[in-house]
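Colleague: Questions regarding the structure given below will be posed in turn.
The values are calculated or read from the model by the stated rules, or taken from the named source; none is laboratory data. Predicted model only: the values in this text are computed from it and were never measured. All Cβ positions, glycine included, derive from the backbone under ideal geometry; neighbour counts span all protein chains shown.
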Amino acid sequence: MLRKVIVDKSLRCVIVFPDSTFPFVGATYIYNHWHNRTINCHWHPEFVFGYVLSGPIDYYINDTHIRLQTGDFVFANSNMLHTSRSPKPRSDAAMFVFNFAASLFSENLGGLLYKKYFHPILSSSIEGFTIPAENPLGQEIRDLTMEIYALAPSAFGYELEGLKCASQVWMAVLRYMEENKDALLYRVGGTLRTERMKEILSYIHRNYKEKIIVDDIAKHVNISRSECFRCFKRFMNKRPNEYINEYRLSKAAVLLKDTEKSITDICTECGFVSASYFTKVFKELYAMTPLQFRTMK
């Protein structure tokens, strides 16, 4: 079954660490293994560090779109909405991502390490940054990231090696941000846009089984219809109806694989009023009919 980030209605993803007392984890994302070749939109308190093993990859931090290529590095600050996708079907796009929380180094919010090295970033308007592969200033960060990529979680001393590398990465990241302030991504207008988009997507996720029109969404978050379209363009690079259809189809794909429900019932349950339209858009997205998808090994 194609993978999907599990989020709650606010789009928060709870990262499951192998040990909750050691909030550090890495994973390799192969985009063809993910639904719609997309790491769906989510946020979490942990920092995000990513290294593109094979591109291109379209990456979004809040409403900023970045086209990443092989060898590029990306950092996203805590609590930022982020999503990424492979723009090319049947590509070998892949990214190594690791996450850690500030509590890896300092559980005491009043402690020296937290106040000096983490709170200034967490409380800032910095969304993140990217380092192109050809930029020599980022080579240290990329090299350290690849050291983490090579660590084996089952090996003796993994936690100590991970802590050492994470500490070095964070120090390098702090130095990079201090020396390259003009290259950083900053929030514009505070957190209003991000919180508004979270609420828009939460509304769709709660109500996808029902009829949803753009006017309903705009009314719910108290914005104009045109601003609703702008929000989707900025954050998702899609029109609202495109996102709604893709979300409904992702729910339908799960039901096709995991239940014995009829295709007609699944169509209705996922908010489609016409079986023929459901089949048409499903085939456009998955390059096969719902029945073919269900019987696919």
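Colleague: Applying the selection to segment 118-135, what residues are closer than 14 Å to V173 by Cα and either among the acidic types (D, E) or more than 25 Å from the chain's Cα centre (by Cα) (or both)?
Modeller: Listed by number, the list holds a single entry, E127.
Colleague: To continue, here is another question. Residues of segment 31-45 being modelled with pLDDT of 90 or more and surrounded by 17 or more Cβ atoms within 10 Å (Cβ to Cβ), which ones?
Modeller: Once the filter is applied, which keeps residues that are modelled with pLDDT of 90 or more and surrounded by 17 or more Cβ atoms within 10 Å (Cβ to Cβ), segment 31-45 yields Y31, I39, H42, W43, H44.
Colleague: Report the residue count in segment 53-72 for those that are farther than 26 Å from K198 by Cβ and either aromatic (F, W, Y) or surrounded by 22 or more Cβ atoms within 10 Å (Cβ to Cβ) (or both).
Modeller: Residues flagged as farther than 26 Å from K198 by Cβ and either aromatic (F, W, Y) or surrounded by 22 or more Cβ atoms within 10 Å (Cβ to Cβ) (or both) within segment 53-72 amount to 2.
Colleague: Which of the numbered conditions does L109 fail, given that it passes all the others? Conditions: (1) over 26 Å from R37 (Cβ atoms); (2) surrounded by 17 or more Cβ atoms within 10 Å (Cβ to Cβ); (3) in contact with a His (Cβ under 9 Å, 6 or more places away or on another chain).
Modeller: Result: L109 fails condition (2) only.
Colleague: Still on this structure, please answer the following. Might you check whether a residue that is surrounded by fewer than 16 Cβ atoms within 10 Å (Cβ to Cβ), in contact (Cβ under 8 Å) with a residue 24 or more places away in the chain and among the charged types (D, E, K, R) occurs anywhere in segment 145-155?
Modeller: The answer is no, given that none of the residues of segment 145-155 is surrounded by fewer than 16 Cβ atoms within 10 Å (Cβ to Cβ), in contact (Cβ under 8 Å) with a residue 24 or more places away in the chain and among the charged types (D, E, K, R).
Colleague: Still on this structure, I have one more. Tally the residues that are within 20 Å of the chain's Cα centre (by Cα) and not in a helix (DSSP H, G or I), restricting the search to segment 189-243.
Modeller: 4
Colleague: Got at least one residue in segment 172-180 being surrounded by fewer than 18 Cβ atoms within 10 Å (Cβ to Cβ), in contact (Cβ under 8 Å) with a residue 24 or more places away in the chain and farther than 30 Å from P132 by Cα?
Modeller: Checked against the condition, which is being surrounded by fewer than 18 Cβ atoms within 10 Å (Cβ to Cβ), in contact (Cβ under 8 Å) with a residue 24 or more places away in the chain and farther than 30 Å from P132 by Cα, segment 172-180 yields no hits at all.
Colleague: Taking the condition under 14 Å from the mean Cα position of the chain (by Cα), over 24 Å from Y243 (Cα atoms) and not assigned by TED's automatic domain parsing to the domain that holds I204, does N77 pass?
Modeller: For N77, the condition - under 14 Å from the mean Cα position of the chain (by Cα), over 24 Å from Y243 (Cα atoms) and not assigned by TED's automatic domain parsing to the domain that holds I204 - is met.
Colleague: Provide a single number: the residues in segment 1-30 that are loosely packed, with under 15 Cβ neighbours inside 10 Å, farther than 21 Å from N79 by Cβ and among the β-branched types (V, I, T).
Modeller: Number satisfying all stated conditions: 2.
Colleague: Just to check your reading of the model, which residue among V25, V14 is without any contact (Cβ under 8 Å) to a residue 40 or more places away in the chain and either assigned by TED's automatic domain parsing to the domain that holds D143 or in contact with an Asp or Glu (Cβ under 9 Å, 6 or more places away or on another chain) (or both)?
Modeller: That would be V14, the only listed residue that is without any contact (Cβ under 8 Å) to a residue 40 or more places away in the chain and either assigned by TED's automatic domain parsing to the domain that holds D143 or in contact with an Asp or Glu (Cβ under 9 Å, 6 or more places away or on another chain) (or both).
Colleague: One residue is enough: does segment 213-235 have a residue meeting the conditions under 25 Å from D58 (Cβ atoms), out of contact with any Gly (no Cβ under 9 Å at 6 or more places or on another chain), in contact (Cβ under 8 Å) with a residue 60 or more places away in the chain and β-branched (V, I, T)?
Modeller: Scanning segment 213-235 turns up no residue that is under 25 Å from D58 (Cβ atoms), out of contact with any Gly (no Cβ under 9 Å at 6 or more places or on another chain), in contact (Cβ under 8 Å) with a residue 60 or more places away in the chain and β-branched (V, I, T).
Colleague: Answer yes or no as to whether R193 is out of contact with any Cys (no Cβ under 9 Å at 6 or more places or on another chain), under 28 Å from G50 (Cα atoms) and not small (G, A, S).
Modeller: Criteria not met by R193.
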